[in-house]
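Structure record follows, encoded as C-alpha cells.
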Amino acid sequence: MRTINRTDFLSGLVVAALGAAGLVEALRMPRFEARGADPFTVPGLTPGLLSAVLCVLGIVLLLRGMSGRNLTEGAQPSITQWTRASAIRTLFTIVMVLVYGTLLFGRMPFFYATALFVFVFTVGAELIDTERRLPAWKLLIGGCLLAGGAAYAIDFVFTDLFLVRLPG
C-alpha cells in the first residue's frame, strides 16, 4: 500500500490551482488584434507563461506527493515543526523582501536597488548558515558578481524584451 506525502500533495494542489487560475485570467486579457498589436506585446503573455509554468510544476509536485516518495529516504517533511535555523532564515527572507519592496524599490534606480537586494540577501543568507565553508572574500566577490549579473539580466529582460518601464 502506497502512502501519500500530504505536504507535497497539498502544496502541489494549491500551486497547480493558482497556476491554472492565473493562466485562465491571462488568456482573458485583451489581445488588441483589432489594433494590429504584435503578439509578443500583449498584456497577458508574461503572466500566462509564468502561470503555465506554475501549473506544470504544481502538477509535478502533486504527482510526487501521490507517489509517496520523499526527496531523501526517511525524511519526514513538516511545515509545523521548524528548527531555529529555519525560523531565522524565514525571518531574514521576509525582512529582506519587505526592505526591498518598501525602502529600495521605486526610491532608487531599479538596477541599483535590485543589485543591492541580491547582494545583501545572498551574503546575509550565507552568513546565517552555520555550516558555511566558503571564505568571506569569495563570498563577497561571488555576491557582487551574482548581484550585478542578476540586476542586469532582470533589467534587460523587462526593459528591452518586455518593453516595461521600471521604477526609479
Can you find a residue that is loosely packed, with under 10 Cβ neighbours inside 10 Å and modelled with pLDDT under 85 anywhere in the stretch 53-72?
yes
Go through the stretch 77-156 and tell me which helices (runs of 4 or more DSSP H), entirely inside it, have 2 or more residues that are modelled with pLDDT of 90 or more, open to solvent by 60 Å² or more (accessible area, probe 1.4 Å) and of a type outside the set (A, V, I, L, M).
110-128, 136-156
Just a yes or no: is a residue in the stretch 15-25 at pLDDT 90 or above and open to solvent by 90 Å² or more (accessible area, probe 1.4 Å)?
yes
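The values are calculated or read from the model by the stated rules, or taken from the named source; none is laboratory data. Please read these numbers as outputs of a predicted model, since none were measured by experiment. As a convention, Cβ positions derive from the backbone with ideal geometry for all residues, glycine included, and neighbour counts pool all protein chains shown. Note: areas computed on protein heavy atoms with side chains; ligands, DNA, RNA excluded. Shrake-Rupley method; radii C 1.70, N 1.55, O 1.52, S 1.80 Å.
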